[in-house]
Amino acid sequence: MNDYNNFSESYSNPRVKKLRSFAQSTYGMEAASYKGIAMKTLYFVAVFAAGMGAYFYIHNFFGGGAQAFSTEYTIFVGALIATAIAGLVASFAPKTTAVTGSIYSAGMGYALTFMSMIYAMQWKGIIVEAVTLTLLTVAVLAVIYSKGVRVGSRMKTALITCLWVSIIGGLLFMLLAWLAPHSAIYTSIVAINNGPIGILFAAIGVLIAAALLMCDFETIQMTVEQGLPAQYEWYASYGLIVGVIYLYLKILNLLAKIANNRK
């Protein structure tokens, strides 16, 4: 009965359902394994590290120091566009994840390092704190998941809804900042966002990111236990990388808001 419930529950995970639909034509191929997923995750980490290395090389090429150069901003925007396109393609075509996931990891390696250095210029030590808290959170979540704790189907729906609301809200805010940076609405939102309410929403963002990472753990488990083809190890590994990066960004944002309110 428990096996049946776990099988049924997995279908509430959008990623698992998508993988099942794409896998119908590849029946009989070599099945996915935890070892395979681990190896591909390490590959994405290595590509991410290469993106980080590219940032430091370019930064030092333009002179280094505790400042960002205009050319770096251009490369940063280009990296974000590349990761966004790669992420969209990977979401709709999981079979392409070996390539699109590599593009995402490399681009995000550069972009995330650039953003981290901008934060570090304002708040000393914040990067070490964010990385440490991210790794600790991932470890704690992995232990919790191993104990049988799962995110329910209704919660998953709520998480996806919250994620899309935050993405759309962020895009609208950026548009408002571009079109009317001196408007009363924009300045009011900034004031609220930098206060205690902003810290509260940032903390909620961390909780959402943590719950989404639990869903990524489930995707990995179901990819293996439901015998999906080995090629989908790439998709499961990619999802884990995206989840950890998203968690780091939310923790970094929360720490920055806390530090800003201490001034």
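The values are calculated or read from the model by the stated rules, or taken from the named source; none is laboratory data. Values in this document were obtained by computation on a predicted structure and should not be read as measured data. Neighbour counts are summed over all protein chains in view; Cβ atoms, including those assigned to glycine, are modelled from backbone coordinates with ideal geometry. Accessible surface areas use protein heavy atoms only, side chains included; no ligands, DNA or RNA. Shrake-Rupley method; radii C 1.70, N 1.55, O 1.52, S 1.80 Å.
Details
- Close amide H contacts of ALA31 (hydrogens built in the peptide plane, cut-off under 5 Å, sequence separation of 5 or more or a different chain): ALA230.
- Choice from VAL151, VAL128, VAL47 with maximal GNM fluctuation in the chain (Cα, 10 Å cutoff): VAL128
- The chain: angle of helix 34-61 to the longest principal axis, Cα-based, in degrees nearest 10: 20
- C-alpha long axis of helix 97-122 to longest principal axis of the chain, angle in °: 30
- Distance between modelled label sites at GLU225 and LEU207, nm, 7 Å Cα→Cβ extension: 2.7
- Accessible surface of the chain, 1.4 Å probe: 71 percent of it comes from carbon and sulfur atoms.
- Net charge contributed by nearby residues that have their C-beta within less than 14 Å of CYS162 (K/R +1, D/E -1): +3
- Taking 0.36 nm per residue of separation and subtracting the Cα-Cα distance, full extension of the segment from GLU30 to THR187 would add 50.9 nm.
- The calculated FRET efficiency for the pair ALA49 and VAL77, based on their C-beta separation and a Förster distance of 22 Å, comes to about 0.50.
- Taking 0.36 nm per residue of sequence separation and removing the Cα-Cα distance, the LEU172/ALA84 pair yields an extension gain of 30.0 nm.
- Hz values of 3J(HN,Hα) by residue in the range 230-245 - Karplus curve (6.51, -1.76, 1.60), Gly and Pro given as x: 4, 5, 7, 4, 4, 5, 5, 5, 4, x, 5, 4, 4, x, 5, 4
- Surface per residue (accessible, 1.4 Å probe) for the chain, Å²: 55
- Pairwise Lys count, the chain - Cα closer than 17 Å, eight or more residues apart or different chains: 7
- In degrees, nearest ten, helix 196-225 long axis to first principal axis of the chain (Cα): 30
- At 1.002 mPa s and 20 °C, Stokes diffusion of the chain via Kirkwood alpha-carbon radius, µm² per second: 108
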